[in-house]
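Please treat every number below as a calculation from the coordinates, not as lab data. The structure presented is a predicted model; accordingly, all values stated were derived computationally and were not measured. Heads up, the Cβs are rebuilt from the backbone with ideal geometry, glycines too, and the neighbour counts pull from every protein chain shown.
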Amino acid sequence: MPVRGPTTRRILGTTARRAWCRDRAAPITAGTPATMDAGIIAPVAIRIRADRKQPAKQTQGVRKGGRPRREDSLKLREQILHAATELFLAQGYGSTSIESVAARAGVSKRTFYDRFEDKAGLFAAVVHRIIDHIRPPANVPLLAGANLPEILRRLAGLILTAALSPQAIALHRLVTGESGRFPELASAVENGGGQSEATALIAGLLARELPKIKLNAEDQVIAALHFIYLVVAMPQRRATGFGVPMTAAELEQWADKAVTFVSNGRFYWRAA
C-alpha cells in the first residue's frame with residue numbers, strides 16, 4: 001500500500017484519518033471490521049484458524065463444560081448402579097470398594113459422590129434396582145381370579161418367580177452371609193419396598209375375602225407374612241444351596257399347598 005503524504009491526510013479529513021490509522025494498526029483476523037474487503041478477510045481468517053489448529057467440532061448433543069444434562073446424569077447413575085450390582089453380587093459387600101465401582105463404571109470418584117453419599121447408600125439403590133427388575137411388569141394383573149384360591153395361586157407364582165430369580169438368590173446369599181458384619185444390608189432389603197408392598201396387598205386381600213375370621217389390622221399383616229414365608233422360605237433355601245433346588249413340578253405342588261392352607265383360613269388365631 002503506498003504511503004500517504006500530508007496532502008492526502010489533509011484531504012481525507014480528521015474522521016477518515018483516524019479510521020485509516022486504526023486500520024493500519026489493527027491485525028488481520030476473523031474479527032476485523034467490515035471496512036476491509038470481504039474477499040481478503042475470508043482467506044486470511046481461514047488460514048489463521050488452520051494455523052492455530054482449532055479443536056475438532058463438538059459432536060451434536062455434547063455440552064461444553066457445566067453440569068450434565070438430565071438424561072446424561074441419569075445415564076451416569078445407571079452406569080454406576082450396573083457396575084455396583086455386578087461387583088456386589090459377585091464379590092460381596094465387604095470386598096467391594098467405591099474405587100472399584102467407579103473404575104468398573106468408568107467414572108471418577110467425584111462423579112460417584114455427586115450421586116451417592118456412601119457405599120451403604122449405593123447398596124440401598126442397588127436393592128431398589130434389583131427389586132424393580134424382578135417385580136412383575138405394571139401391565140400384569142395381580143389380583144386376577146374368580147375366587148380367593150385362584151388369586152392366591154397367581155400371587156404365589158409371581159412371588160416364586162421373583163424370589164428364585166438369579167439376582168434375588170445372589171442378593172439373598174449376600175445379605176445372609178454379611179449382615180452380621182454389616183447390619184445396613186438387612187435394613188436396605190427390609191426397606192427396599194418389595195416385601196412391604198406384597199404384604200400390604202395380601203393383607204387387604206385376606207381381610208376382604210375371609211370376613212368370617214374378622215382379622216384386625218395387625219393380624220392381617222401377620223397372615224400375609226405367613227403366606228409369603230410359606231410360599232418362599234423352603235424353595236429359596238434349597239435354591240441357595242441348602243438341599244437340592246426344587247423342580248418346576250415340585251414348585252407347583254408347593255404353591256398349591258400354601259394356597260390351600262391359607263384360603264381355608266387355617267390360622268392359629270380366631271375372633272374372640
Practice prompt. Pull out a ≥ b ≥ c, the square roots of the eigenvalues of the alpha-carbon gyration tensor of the stretch 148-263, then state rounded if a/c is under 1.5, prolate if not and a/b is larger than b/c, and oblate in the remaining case.
Written response: oblate
Worksheet item: Want the number for Glu184 to Leu158: 0.36 nm per residue separation, take away the alpha-carbon distance, what's left?
Response: 6.6 nm
Discussion item. Apply the Karplus curve 6.51 cos²θ - 1.76 cosθ + 1.60, θ = phi - 60°, to the phi angles in the stretch 220-235 and return the couplings in whole Hz, x for Gly and Pro.
Written reply: 4, 5, 4, 5, 5, 5, 4, 5, 4, 5, 5, 6, 9, 3, 5, x
Practice prompt. Starting at the first residue of the stretch 247-260, write each ³J(HN,Hα) from the Karplus equation 6.51 cos²θ - 1.76 cosθ + 1.60 with θ = phi - 60°, in whole Hz, x for Gly and Pro.
Written response: 7, 4, 5, 5, 5, 4, 5, 4, 5, 4, 5, 5, 5, 4
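Calculate, for Gln167 and Glu209, the FRET efficiency according to 1/(1 + (r/R0)^6) with r their C-beta to C-beta distance and R0 35 Å; round to the nearest 0.05. Before the final figure, lay out each step's value.
Numbers: r = 32 Å, r/R0 = 0.92.
Efficiency, rounded to the nearest 0.05: 0.65.
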